[in-house]
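This report concerns only the one structure given below.
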């Protein structure tokens, strides 16, 4: 995985049994609240960083959004999109490409914006 990719990090998934589970997604797909007793999640959504320009400035960092205590149903799969990093500029007249957004579609959709090209 290129370091500029975004990610979805379920920092703490609290279950009704008091256990905590940490999950990380570095590619698009489904994020599963694996334990049937999971009722709340804390999520960090990180977008893809942008590529730097050719002989120019570096690309901007991908946005970061932390959301606490989202109610979920344990054992349910939630779709996530992990934003890709932007490509760097390839010649003096080219800027770096923007990074892509990352989206966690839990009970509500949460988006972090991709970084701007340098």
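The values are calculated or read from the model by the stated rules, or taken from the named source; none is laboratory data. No experiment lies behind these values; they were computed from the predicted model shown. Every residue, glycine among them, receives a Cβ derived from its backbone with ideal geometry; neighbour counts consider all protein chains shown.
Within segment 32-46, the residues that satisfy the criterion of being in a strand (DSSP E or B) and either within 19 Å of the chain's Cα centre (by Cα) or modelled with pLDDT of 85 or more (or both) are 32, 40, 41, 42, 43, 44, 45, 46. For segment 7-31, filtered to residues that are in a loop (DSSP other than H, G, I, E, B) and more than 17 Å from residue 106 (Cα to Cα), the residue that is modelled with the highest pLDDT is 19. Pairing residues of segment 47-76 that are on the phi > 0 side of the Ramachandran plot and modelled with pLDDT under 85 with residues that are assigned to a loop (DSSP other than H, G, I, E, B) and surrounded by 15 or more Cβ atoms within 10 Å (Cβ to Cβ), at Cβ distances under 7 Å and at least 6 apart in sequence or on separate chains, gives 75/33.
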